[in-house]
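Input: a single structure, listed below in structure tokens.
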Amino acid sequence: MINKSDLIATTGASEFSEAFMWVLVLIGISIALSLFFFFLTLYKKLGHLSEDKRKKVYQEQIENVLFRYLFEGLSLQEVLQDKALKKMFAIPLFQRVAIKAIISLHHSYSGTYGKKLEQFYVESGLVNYSLKKLESCNWTNIVEAVRDLSTLNHNQSYPRIAAHIIHKNPLVKTEVLLGIIKMKGISEILKFQESGLYLNDWVQSNILFTVKKYKIPAPGDLGNLLKSRNRSIVLLAVRLIAYYESSEFYTRLSEFYLQTKDEKLKNEIARVLNRAEPAY
């Protein structure tokens with residue numbers, strides 16, 4: 001006959017043993033997950049270090065080629081016939097580094113040198129890297145492509161860039177707007193004066209920064225933006241007029257001040273005209 005106390009003791013020991021096994025399993029899983037994430041992090045870090053090293057090498061290589069091309073008489077034909085360089089131009093990371101190097105130099109040099117850099121971008125095939133990114137599903141790739149193509153004045157890509165103005169991501173819309181302004185000028189905004197495109201203060205500050213950085217001239221029809229039914233575009237027009245400081249535009253602005261009933265716009269215009277009063 002089984003003693004009741006022995007049965008209870010056996011049951012208790014069994015439950016303890018089972019609970020202890022579960023504890024060991026959980027500890028094992030925890031250690032395994034910790035090791036997995038440790039090695040994953042280590043792998044990523046090593047990958048980033050390796051990529052950074054390759055970027056540095058690629059940077060030195062492309063800068064050497066570009067300086068010889070710009071200043072030492074190396075022809076584009078010679079560059080394109082170099083077998084070692086041909087292989088490099090097929091590597092996506094090299095393409096990205098090369099484009100950034102070209103844009104960096106393009107910011108520093110204008111005129112003949114700027115045109116030569118734009119020609120290099122196209123004839124080397126690097127432009128195809130940007131065009132491919134322009135059709136990406138990843139919005140960051142689209143932004144990068146728009147920025148590169150517009151900065152290097154690839155006017156053939158204008159329709160494809162402009163088509164992204166309806167993109168659902170606001171950052172893409174902003175970059176597209178900045179891109180087409182860089183390529184075609186401030187008059188591009190006139191295309192949206194009857195639209196519902198909302199230009200918040202952040203977007204407007206980016207437009208003004210782009211206008212200043214790329215020295216985009218004032219269009220003769222800038223004053224027409226004041227006729228827009230889109231309040232944010234009217235506000236941008238006021239700020240652009242303040243930047244360009246043209247007496248012709250100030251006259252249009254004064255007339256608009258008397259016509260509008262929007263108090264916020266009137267306050268903004270009053271500040272602009274008060275600052276400009278000695279000039280006009």
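The values are calculated or read from the model by the stated rules, or taken from the named source; none is laboratory data. Quick caveat, the model's predicted, so the values are computed rather than measured. Note that we place each Cβ from the backbone using ideal geometry, even for glycine, and neighbour counts take in every protein chain shown.
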- [ ] Enumerate the helices (runs of 4 or more DSSP H) found wholly within region 79-124, keeping only those where 3 or more residues are within 16 Å of PHE67 (Cβ to Cβ).
- [x] 92-108, 111-123
TODO: Return yes when LEU190 is in contact with an Asp or Glu (Cβ under 7 Å, 6 or more places away or on another chain) and more than 28 Å from VAL127 (Cα to Cα) and no when it is not.
DONE: yes
TODO: Answer yes or no: is there a residue in region 69-76 that is more than 14 Å from GLN119 (Cα to Cα), touching a residue at least 12 places away in the same chain (Cβ under 8 Å) and surrounded by 18 or more Cβ atoms within 10 Å (Cβ to Cβ).
DONE: no
Open item on the list: Any residue in region 185-212 that is among the acidic types (Asp, Glu) sitting within a Cβ distance under 8 Å of a residue that is surrounded by fewer than 17 Cβ atoms within 10 Å (Cβ to Cβ)? List the pairs, counting only those 6 or more apart or interchain.
Closed with: GLU194/ARG229
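Among the residues of region 76-84, is there at least one that is under 27 Å from ASN141 (Cα atoms), aliphatic (A, V, I, L, M), out of contact with any helix residue (DSSP H, G or I) (no Cβ under 9 Å at 6 or more places or on another chain) and modelled with pLDDT under 90? Don't jump to the end; show me each part of the working.
Pass one, region 76-84, residues under 27 Å from ASN141 (Cα atoms): 80.
Within this subset, residues satisfying the condition of being aliphatic (A, V, I, L, M) are 80.
Subsequent filtering for residues that are out of contact with any helix residue (DSSP H, G or I) (no Cβ under 9 Å at 6 or more places or on another chain) retains none.
No, that holds for no residue.
So, in region 144-184, exactly how many residues are among the hydrophobic types (A, V, I, L, M, F, W, C), in contact (Cβ under 8 Å) with a residue 40 or more places away in the chain and either surrounded by fewer than 20 Cβ atoms within 10 Å (Cβ to Cβ) or assigned to a helix (DSSP H, G or I) (or both)?
Filtering region 144-184 down to residues among the hydrophobic types (A, V, I, L, M, F, W, C) leaves 145-146, 149, 152, 161-163, 165-166, 171-172, 176-178, 180-181, 183.
Right, trim to in contact (Cβ under 8 Å) with a residue 40 or more places away in the chain and you get 152.
Keeping just the survivors that are either surrounded by fewer than 20 Cβ atoms within 10 Å (Cβ to Cβ) or assigned to a helix (DSSP H, G or I) (or both) gives none.
Final tally of qualifying residues: 0.
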Task: Positions within region 78-96 being in contact with an Asp or Glu (Cβ under 9 Å, 6 or more places away or on another chain) and exposed (fewer than 14 other Cβ atoms within 10 Å of the Cβ), in sequence order - done: LEU93
Task: Output for region 235-280, where each listed residue is in a helix (DSSP H, G or I), among the hydrophobic types (A, V, I, L, M, F, W, C) and over 18 Å from ILE216 (Cβ atoms) - done: LEU235, LEU253, PHE256, LEU258, LEU265, ILE269, ALA270, VAL272, LEU273, ALA276
- [ ] From (1) aliphatic (A, V, I, L, M); (2) loosely packed, with under 15 Cβ neighbours inside 10 Å; (3) within 24 Å of the chain's Cα centre (by Cα), pick out the condition that doesn't hold for ILE99.
- [x] (2)
- [ ] State whether one or more residues within region 214-228 are farther than 25 Å from TYR121 by Cα, of a type in the set (Ser, Thr, Tyr) and surrounded by fewer than 20 Cβ atoms within 10 Å (Cβ to Cβ).
- [x] yes
